[in-house]
1. Residue by residue through the stretch 61-69, what is 3J(HN,Hα) from phi via Karplus (6.51 cos²θ - 1.76 cosθ + 1.60, θ = phi - 60°)? Round to whole Hz and write x for glycine and proline.
2. Once Lys and Arg get +1 and Asp and Glu get -1 on their Cβ, which of Ile16, Ile230, Leu81 lies farthest toward the positive end of the dipole of the chain?
3. In terms of modelled amide H atoms, which long-range or inter-chain residues lie less than 5 Å from the amide H of Lys76?
4. So how far apart, in nm, are the two label points at Lys164 and Phe94 if each is 7 Å from Cα heading toward Cβ?
5. Ranking Phe269, Phe27 by Cβ neighbours within 10 Å, fewest first, what do you get?
6. What dipole magnitude, in Debye to the nearest 20, does the chain give about its Cα centre under +1 on Lys/Arg Cβ and -1 on Asp/Glu Cβ?
7. Mind checking which of Leu81, Leu49, Leu111 has the largest fluctuation in a GNM of the chain, springs on alpha carbons under 10 Å?
8. Please list, in chain and number order, the residues 5+ apart from Ile158 or on another chain whose amide H is under 5 Å from its amide H, with Hs placed from the backbone.
Amino acid sequence: MRLGIDIGGTTIKYGIVSNEGKIIESFSFDTKVNDGYLLIVNNIISQVLIIKEKYKIDSIGIGVPGIVDKNGEIVKNCPNLFWKNVTLGKDIEFKTGIKTYVENDANIALLAEHAFGNAKGYSDVIMLTLGTGVGGAAIVDGKLLKGSRGYGTEFGHIYVGENKNRCNCGKYGCLESFVSATGIIRYAQNLYDKNQISTRVKSAKQIFESEDTISKKAIERVGYYLAVGIGNLIQCFNPECVIIGGGLSGAKDKLLNSIERNISSQLGFFNKNDVEIAIAKWGNRAGIIGASILSEYRN
Ligand SMILES: [Zn+2]
């Protein structure tokens, strides 16, 4: 058995996963970001020790919303958790005696899709995870692409067009500033305000579930900028498949169709039929499943 842990900004989800990728039992608790690193890690360790009584765990895999070094030893930066340069894997391994691997959460989501989901059988795959931010991952020749220091494939921060709102990374015009939940809410709210319509946009989900003109315009804009970004990535990586995951992928066909309407004009010499664009299979279970198989990809 393996233990997969998915550390998010609001919830920590973890589960026992069989070698075939089936979640046997799963649990969660609030992240309590303000508690700080040590308290959060001690809480995780306590939970692992409880689980260890019941199951024989061969390895632990952990996904974090941030940058992890190439060896999976140091979490360099998790802006949502206020973690910098923490030795998460080592700290948990030391107290539990179980080999522990750590990886960026978008990479984890792609591993889940590659092993058991909609990227199964492909050797070249790109993934975008759309949530509060935008994550990216790539499998090239069957291997997770990390870059020289492990910080590669940050596709949320490729330039896709002019945007007066500055991205969290400090740049202007990043894909994330257009197609993240934050970007979508900001754009739609601005249009409602300009048109003097008294609507409060609380979530991107609300936009995808609405049928009014402004929501339609906002969805089309998401499709356009995703197509620009995906077009760039297709030209860089020539993947067999592009997987769209993260919370926003719950919009399924509405999201996929808006990309489909815009992608042809972004492909240059490439043929649209040579690449599949698909919604992720695992949704919010990707974190636990992907993390559980980290030991295979690390070894
Ligand atoms: Zn950025």
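All of the numbers you see were taken from the coordinates with simple rules; none came from a lab. The model shown is predicted, which means the values in this text are computed figures rather than measured ones. Methodologically, a virtual Cβ is constructed for each residue, glycine included, from the backbone with ideal geometry; neighbour enumeration extends over all protein chains shown.
1. Going residue by residue, I get x, 10, x, 10, x, x, 9, 10, 5 Hz, with x marking Gly and Pro.
2. Toward the positive end, the furthest listed residue is Leu81.
3. Ile67, Val68, Asp69, Asn85
4. 5.0 nm
5. Numbers: Phe269 5, Phe27 14.
So the residues, fewest neighbours to most, are Phe269, Phe27.
6. On the way: 35 positive and 30 negative charges, 106 e Å.
Result for the chain is approximately 520 debye, rounded to the nearest 20.
7. Comparing Leu81, Leu49, Leu111 in the GNM, the peak value goes to Leu49.
8. Leu175, Glu176
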